[in-house]
Amino acid sequence: MSAKNDLENMSEKELLIELLKEQRGETRARKLVAGLMIAIFVMIAAAVLYLVPKVVAVADEVQSATAKLTSVVGTVESKVDMIDSTIKDIDGMVKNVDNLVVTNTKNLSEAVEKLNSIEFETLNKAINDFADTVQPVANFFNAFKVP
């Protein structure tokens, strides 16, 4: 209350001087705040000018990497499809080879059975008999052989 009483007891000149002092203090505070705001604005502008090109460069690199990744994924998908079709072809080939082996095994078994059914002693006797029969004919034709 003493400050209020002091203001009431002051003359107009003293009041104006006190008001002027107060306004000067407020003006200094406003100038300080304005200076700080300008400094903050300059720092933000510098940071933006410094960071924006780097962010744009990173965005370009990300876009390029994404394009390359998309290309690689496409290549991998085509290779997987090719491998899948190759596996299907191999499955078919294995089935065909299996069928061939089974068929040839049957034919081979039949051939072995036929070979086992041959009586080699009788065959040898027949060959010897045939040789004995053909020998005189061969001797006859050898007599007319021209030297």
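Tabulated data for the structure shown
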| item | result |
| --- | --- |
| Chain lengthening between Phe120 and Val62 when straightened (0.36 nm per residue, less Cα-Cα) | 12.4 nm |
| Solvent-accessible heavy-atom area per residue, rounded to whole Å², over the chain at 1.4 Å | 92 |
| Förster radius 41 Å - calculated FRET efficiency between Val76 and Lys54, Cβ distance, rounded to 0.05 | 0.80 |
| Structure-derived Cα Rg over 2.2 N^0.38 Å: which label, when the choices are (1) 1.24; (2) 3.95; (3) 1.06 | (2) |
| Solvent-accessible surface (1.4 angstrom probe) belonging to Asp81, in square angstrom, nearest 10 | 100 |
| Charged-residue dipole, Cβ positions (Lys, Arg, Asp, Glu), segment 1-108 about Cα centre, Debye nearest 20 | 220 |
| Centre separation in Å (Cα based) which lies between segment 115-139 and segment 21-65 | 117 |
| Per-residue HN-Hα couplings for segment 71-84 [Karplus 6.51, -1.76, 1.60; θ = phi - 60°; Hz; x = Gly/Pro] | 5, 5, 4, x, 5, 4, 4, 5, 5, 5, 4, 5, 5, 4 |
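The values are calculated or read from the model by the stated rules, or taken from the named source; none is laboratory data. This is a predicted model, so every value here is computed, not measured. Neighbour counts are summed over all protein chains in view; Cβ atoms, including those assigned to glycine, are modelled from backbone coordinates with ideal geometry. The accessibility values were calculated without ligands, DNA or RNA, using every heavy atom of the protein model including side chains. Shrake-Rupley method; radii C 1.70, N 1.55, O 1.52, S 1.80 Å.
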